[in-house]
Structure formats: C-alpha cells, structure tokens
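Beneath this line is the structure, given in structure tokens, with notes to follow.
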Amino acid sequence: MSLDRFVLIVVCVVAGFAATVWLVGLLIAAMNLPFGWLALVPAAVVGYVIYRVIDERLSSAEDDYYDKMDH
C-alpha cells in the first residue's frame, strides 16, 4: 500500500470519528437543553448537503470523460 493511500485512509477515519463525536455532542445537548433540538437542524442541513454533493459527483456524466483518460 502506498503512503498516499494510507494517509487518505487515516484522514477519512479521523474525519469520520470527528463527525461522530460532533453528532453525539449535538444529541446530548439536545436532550439536556429545553430548545436543544434546534441544534440538530444545522446538522441535518450539513448532512443533506454532503449527501447531495456525493450523489451529484457519482451520477454526473460530465466527470466520466475525465475518468477514462490515461495518466
């Protein structure tokens, strides 16, 4: 395994861990505060935006042209 791929895997794992800790923190705050559930709205919006970006990237026919190029 090349060093670049290893670093990419480590960065993805760390980002996933950080996102999980952030979401758990929001859920705990939402349960303890009277209007804490309002903090979940930004988390839902961020999740939706990330989902749409990934979906658009995977289904875009424009990007397929560059995937077929030899490097």
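General observations
- Site pair Leu38 and Ile54 shows an inter-label distance of 3.0 nm when each label is modelled 7 Å from Cα along Cα→Cβ.
- The computed Rg and Dmax of the Cα atoms in Å for the structure shown corresponds, within [x] 14.0, 59; [y] 10.6, 30; [z] 17.7, 57, to [z].
Computed from the coordinates by the stated procedures, all read-outs in this text should not be read as laboratory data. This one's a predicted model, so the numbers in the text were calculated from it and none came from an experiment. Cβ atoms come from the backbone with ideal geometry, glycine included; neighbour counts cover every protein chain shown.
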